[in-house]
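The values are calculated or read from the model by the stated rules, or taken from the named source; none is laboratory data. Values in this document were obtained by computation on a predicted structure and should not be read as measured data. All Cβ positions, even for glycine, are placed from backbone atoms using ideal geometry, and neighbour counts span all protein chains on display. Quick note on the areas: whole protein, heavy atoms, side chains included, nothing else; ligands and nucleic acids left out. Shrake-Rupley method; radii C 1.70, N 1.55, O 1.52, S 1.80 Å.
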Amino acid sequence: QVQLVQSEAGLVQPGGSLTLSCAASGIVLSLYAMGWYRQSPGKQRELVAALSSDDSANYDDSVKGRLTISRDNAKNTVYLQMNSLQAEDTAVYYCNGHRRIFGRDFDYWGQGNQVTVSS
């Protein structure tokens, strides 16, 4: 069985920091492109950070310079380090793993973390 298990929800004050984790079982994360998505009320789920299988990282302009995606292959875990958080960063954050094999797409999702930034 494939599972992506994310860390607990987080509550931080504006300007604070938080690190999310996503631990995989049933797949080898080093073979997958990884992404962190977020969704807030009334909005579509959006990709904010992506890590290719060659470990090239890309970020949405709204989070560039504040969020960092990384993976630890020994722990089969991907992380999202979040700094200088603001109220507009409040959302449910989801990790995703994607791989295409012989013309078929495989996507796996974590259960989501509620991140709340408030004073």
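Given R₀ = 22 Å, what would the calculated FRET efficiency be for Asp105 paired with Arg45, taking r from the Cβ atoms and rounding to 0.05? Please list the in-between numbers first.
Working: r = 17 Å, r/R0 = 0.76.
About 0.85, to the nearest 0.05.
Going from most exposed to least, what order do Leu20, Leu31 have by accessible area with a 1.4 Å probe? It would help to have the intermediate numbers written out before the result.
Working: Leu20 0, Leu31 85 Å².
Ranking Leu20, Leu31 by accessible area, largest first, yields Leu31, Leu20.
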What does the accessible area of Ile27 come to, in Å² to the nearest 10, when a probe of 1.4 Å is used? 20
At a probe radius of 1.4 Å, what is the per-residue accessible area of Leu51, in Å² to the nearest 10? 10
Computed about the Cα centre, the charge dipole of the chain from +1 Lys/Arg and -1 Asp/Glu charges at the Cβ has a magnitude in debye, to the nearest 20, of 180
